[in-house]
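The values are calculated or read from the model by the stated rules, or taken from the named source; none is laboratory data. Because the structure is a prediction, the values reported are computed rather than measured. All Cβ positions, glycine included, derive from the backbone under ideal geometry; neighbour counts span all protein chains shown.
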Amino acid sequence: MLTFRDATSEDAALISHIYAASWRATYRGVIADHYLDRLPDEYWVPSLRSWLGSGQMYGLLALIDGNAVGCAIFGRGRDEGYGDWCEIVSLYLLPEVMRQGIGSALLKELQRIMKLDGYDRFYLWAIEGNQLGDAFYRKHGFIRTSDRVAYRIGGRDVADIRYILL
């Protein structure tokens, strides 16, 4: 049975593991394989502890029969001009549970929570070339914008694209 619970800074290692497993499965061909192969499960622990421990961001875990299979980090928009929007910093699932409706349920639950806090507009950044992510967000009404941030990961050019939901 799918349930949700708030994530805390004590869940940072668990969430970072979900991130890393998802990256390794999802970003093949987008991010250099050698980078993904060396990506440690603990990579995001410091950032997650900071976000969740400070209250800067909220975390939500998706659980099946009590076992964490997905997570979302979200909160007040951090980008200039988006302070009254909800920013979805991340939404990741373990590869073995992708395409089963869990991501949709997780997205719906985080939107419900943030609407209770007064947010009715949402945005996120997604790595360009992630066709699964692009299809998922478009299916849920997000619109791809022309906002783009370019950077390098593992020696390869990568870009994040902003998606919005009004």
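Results, tabulated for the structure shown:
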read-out	value
Filter result (among the polar types (S, T, N, Q) and in contact with a strand residue (DSSP E or B) (Cβ under 8 Å, 6 or more places away or on another chain)) within the range 86-113	Ser90, Gln111
The range 152-166 residues that are without any contact (Cβ under 8 Å) to a residue 12 or more places away in the chain, paired with ones that are assigned to a strand (DSSP E or B) (beta carbon under 7 Å, 6 or more apart)	Arg152/Val158; Asp157/Ala150
Members of the range 121-133 that are at negative phi and either in a loop (DSSP other than H, G, I, E, B) or touching a strand residue (DSSP E or B) at 6+ places or on another chain (Cβ under 7 Å) (or both)	Arg121, Phe122, Tyr123, Leu124, Trp125, Ala126, Ile127, Glu128, Asn130, Gly133
Residue among Ser9, Ser22 that is of a type in the set (Gly, Ala, Ser), in contact with a helix residue (DSSP H, G or I) (Cβ under 6 Å, 6 or more places away or on another chain) and surrounded by 13 or more Cβ atoms within 10 Å (Cβ to Cβ)	Ser9
Condition met for Gln100 (in a loop (DSSP other than H, G, I, E, B), within 24 Å of Leu14 (Cα to Cα) and either out of contact with any Pro (no Cβ under 7 Å at 6 or more places or on another chain) or small (Gly, Ala, Ser) (or both))	yes
Set Gly81, Gly70, Gly75: member being within 21 Å of Ile161 (Cα to Cα), assigned to a strand (DSSP E or B) and modelled with pLDDT of 95 or more	Gly75
Any pair with Cβ under 6 angstrom, 6 or more apart, that starts in the range 52-72 at a residue that is within 23 Å of Trp23 (Cα to Cα) and ends at one that is assigned to a loop (DSSP other than H, G, I, E, B) and aliphatic (A, V, I, L, M)	Val69/Leu94
Qualifying position, being in a loop (DSSP other than H, G, I, E, B) and either touching a strand residue (DSSP E or B) at 6+ places or on another chain (Cβ under 9 Å) or among the acidic types (Asp, Glu) (or both), among Glu10, Glu42	Glu42
Residues of the range 25-39 satisfying the condition of being surrounded by fewer than 17 Cβ atoms within 10 Å (Cβ to Cβ), over 12 Å from Ile153 (Cβ atoms) and either of a type in the set (S, T, N, Q) or in contact (Cβ under 8 Å) with a residue 40 or more places away in the chain (or both)	Ala25, Gly29
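Each row is one residue, and each column tells you yes or no for (1) assigned to a loop (DSSP other than H, G, I, E, B); (2) at pLDDT 95 or above; (3) surrounded by fewer than 20 Cβ atoms within 10 Å (Cβ to Cβ); (4) in contact with a Gly (Cβ under 7 Å, 6 or more places away or on another chain).
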position: Gln56; (1), (2), (3), (4): yes, no, yes, yes
position: Leu63; (1), (2), (3), (4): no, yes, yes, no
position: Tyr92; (1), (2), (3), (4): no, yes, no, yes
position: Leu106; (1), (2), (3), (4): no, yes, no, yes
position: Leu110; (1), (2), (3), (4): no, yes, no, no
